[in-house]
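**Q** Here's a structure for you.
The values are calculated or read from the model by the stated rules, or taken from the named source; none is laboratory data. Please read these numbers as outputs of a predicted model, since none were measured by experiment. Note: areas computed on protein heavy atoms with side chains; ligands, DNA, RNA excluded. Shrake-Rupley method; radii C 1.70, N 1.55, O 1.52, S 1.80 Å.
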Amino acid sequence: MEEDDVARRLRDGDPDALAEAYQRWGTLVHSLAARSLGDRHEAEDVTQQVFVSAWQGRHTLRPEAGSVTGWLVGIARHRIADAHERRASQRRRADMVAALPQEHAAAHEASVVDQVVLADAMRGLGEPRGTLIRLAVMEGRTHDEISRRLDLPLGTVKSHARRGLLALRHQLREVTDVAS
């Protein structure tokens, strides 16, 4: 099959043409990504992203303006640049955390632990109490708003809220006692 034929069929939305393009140029795209990124797994991700982008952007393919190879290499260059930017962003975040004074880092870690413990305790409440407590405490909804939103009687909402908060307090007190 000629390259122009693959291009036309791909542009027209033929999935077999995408498979043919991957078979022909997948190794090239992967090699470019691996050489630039220096990581085989990341290169595999980029290669997949390139062909997904090619499929989603196939309407931009113009066989009369250039080759499929050039078009795919252009997409690959953008995806490789995105991968480098993600790496740089991750490094910047890691550097920022490392630059924090240790007491801030410890406070941040404690905050994360608190969030995980609270999320676990909220899951332990079950439904509808978990949702009800989230709406009341975290979103600041009134009992009336929750009653309308969940289509529950107002008295039921109030009793679930009270029992849910008591259960939550009990669960969190157990965690605090164990940690002490």
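**Q** In this structure, is Thr47 under 25 Å from the mean Cα position of the chain (by Cα) and of a type outside the set (A, V, I, L, M)?
**A** Values: under 25 Å from the mean Cα position of the chain (by Cα): yes; of a type outside the set (A, V, I, L, M): yes.
When the stated conditions are applied, Thr47 passes them.
**Q** Looking at segment 34-56, can you tell me whether even one residue there is open to solvent by 60 Å² or more (accessible area, probe 1.4 Å) and closer than 16 Å to Glu2 by Cα?
**A** no
**Q** Just to be sure before I move on: is Ala98 within 30 Å of Ala34 (Cα to Cα), at pLDDT below 75 and open to solvent by 60 Å² or more (accessible area, probe 1.4 Å) in the structure I sent? Give the derivation first.
**A** On the way: within 30 Å of Ala34 (Cα to Cα): yes; at pLDDT below 75: yes; open to solvent by 60 Å² or more (accessible area, probe 1.4 Å): yes.
The answer is yes for Ala98.
**Q** Filter segment 139-154 down to residues that are open to solvent by less than 50 Å² (accessible area, probe 1.4 Å) and part of a helix (DSSP H, G or I) and give me whichever is farthest from Met122 (Cα to Cα). Give the derivation first.
**A** If we filter segment 139-154 for residues that are open to solvent by less than 50 Å² (accessible area, probe 1.4 Å), which is where we start, we get 146-147, 152.
Then keep just the ones that are part of a helix (DSSP H, G or I); that gives 146-147.
Numbers: Ile146: 17, Ser147: 19 Å.
Residue satisfying both the conditions and the ranking: Ser147.
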